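Note sheet for the following structure.
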Amino acid sequence: MTATPNRQADWAAAQRLREDGRIDAAADAVIALWHTAQADRDETMAALGFLKECGAQDRALTIARAARQRWPGDARIAAEAGEIALALGLFDEASSALREAVDLDPRQGAAWLRLAHCRRFAEDDADVQRLRRTWSDAGLDETTRTCVGFALGKALDDLGDHAQAARVLTDANARARKASGWHIDDWRRFVDAQLHAPALPALSADADFNPIFVVGLPRSGTTLVASALARHAEVRDRGELNWVPALRALLAEQGHLHNPQALAAIAKVIRAQMRRDDAPARFHLDKNPLNFRHLDFIAACFPNARIVHCRRGARDTALSIWMQHFAHADLGFAYGFAEISRVGKDCTALMAHWRTRLALATIEVDYENFVADPRSQEQRLTDFLGLRMLPADTSAAEKPQIVTTASVWQVRQPVYTHALQRWRRYAPYLPELTTLFPEDS
């Protein structure tokens, strides 16, 4: 794409709108730009990427569908269309587009991962055979092979072939760990610094802005809890935002973490990104689980924040993390049980530290209790937030959601318990589950 100076200025203006939290206005601007350049493939891809960053997958879908018709042999566009449809819960459409993407270009690694999360697989599923054949292809590049390994491991788990799933996922995790830039020594230094850091200056609470942060280890039920809360008209779920860790890191790098004026400026940015320019709401929710690292920063910026800490049995959590391929570098610990164990213990230590140091309103939600009795746990959450309890027959389908995590399929199904104690099925093949996580019964 070779943009004219005017179009470059228009794209820059749209980016500024997004940075100011005017997300709907930014999406409007980019859609208008696309309408004047529909024949440009690169500009179409740029528009889709921008709209995804805005959490506007519902608006990107029309563009994605039009792009597939205009460029039916383009694997990248098919992959983008599949990703967008998947986030919206359009599983059949997503499967079709993602299948097309990998058939056109088997190197579309992310498409393989997303295809695996469109449904639970059955033995006669053609996509299972497609995954088996591709995993056996010695000519695959390392990145694609890693993605296919995680996708095949998920399919084998669906089929109940736990021994083979463990073998494939062990290989895939080794490859992912080799490519990851995450180092346990860096993590330990960070945790130690947090445990011994002086208190940050607290800003005054903004009575008109009430943020909720759902935190905990990944795969501990954060998406499940956030989705339950998002059914309330008074709650806006913004998904997994990266503004808290990114802007805290910026202040730390500049040496301004203890500067009230700098904190106030950063809090204004985060508030704008969570509040946005859509319909007003009483609560705005960020479900980035790793925000447990930065609750002191959250407390300084938003003293009235509500914290929902999700917990799950250590062995089931570790296995579920280990079975996923994560895009973000901060999740590089996911590819080894020793690293997962260390981060899990440090999460517990940090949460205990924050409870003694901070005055944040906090509730703990155990995954096992939630799936066993969703209504009572939802009652606890609504009481905690002062919300009205929804009728028992209220369905998540009444309020469509955008889900971009690996729980995209599960969270749209009725709450189920078959994932409880799943680690037992893998214990014969993954002894680390019992040696490194002895606290589970």
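The values are calculated or read from the model by the stated rules, or taken from the named source; none is laboratory data. Being a predicted model, the structure only gives us computed values, none of them experimental. Note that each Cβ is placed from the backbone with ideal geometry, even for glycine, and that neighbours are counted across all protein chains shown.
Can you tell me which residue is farthest from residue 222 (Cα to Cα) among those in the stretch 334-367 that are out of contact with any Lys or Arg (no Cβ under 7 Å at 6 or more places or on another chain) and acidic (Asp, Glu)? Selected residue: 339.
Going residue by residue through the stretch 169-192, is there one that turns out to be surrounded by fewer than 18 Cβ atoms within 10 Å (Cβ to Cβ) and touching a His at 6+ places or on another chain (Cβ under 8 Å)? No, the conditions are met nowhere in the stretch 169-192. Just one of the listed residues (68, 22, 7) is buried (at least 16 other Cβ atoms within 10 Å of the Cβ), within 15 Å of residue 79 (Cα to Cα), over 21 Å from the mean Cα position of the chain (by Cα) and of a type outside the set (Gly, Ala, Ser), and it is 68. Those helices (runs of 4 or more DSSP H) of the stretch 249-342 in which at least 2 residues are among the charged types (D, E, K, R) and out of contact with any helix residue (DSSP H, G or I) (no Cβ under 6 Å at 6 or more places or on another chain), considering only elements entirely within it, cover 260-275.
Taking the conditions (1) under 18 Å from residue 336 (Cα atoms); (2) under 20 Å from the mean Cα position of the chain (by Cα) in turn, residue 112 satisfies each one other than (1). Within the stretch 154-197, the residues that satisfy the criterion of being touching a Leu at 6+ places or on another chain (Cβ under 7 Å) and more than 19 Å from residue 347 (Cβ to Cβ) are 155, 164, 165, 166, 168.
Residues that are outside any helix (DSSP H, G or I), surrounded by fewer than 15 Cβ atoms within 10 Å (Cβ to Cβ) and hydrophobic (A, V, I, L, M, F, W, C): does the stretch 34-54 have at least one? Yes, some residue in the stretch 34-54 is outside any helix (DSSP H, G or I), surrounded by fewer than 15 Cβ atoms within 10 Å (Cβ to Cβ) and hydrophobic (A, V, I, L, M, F, W, C). Within the stretch 114-133, not a single residue is within 17 Å of residue 174 (Cα to Cα) and part of a helix (DSSP H, G or I). For residue 214, the stated conditions hold: it is in contact with an Asp or Glu (Cβ under 8 Å, 6 or more places away or on another chain), farther than 13 Å from residue 301 by Cα, modelled with pLDDT of 95 or more and aliphatic (A, V, I, L, M).
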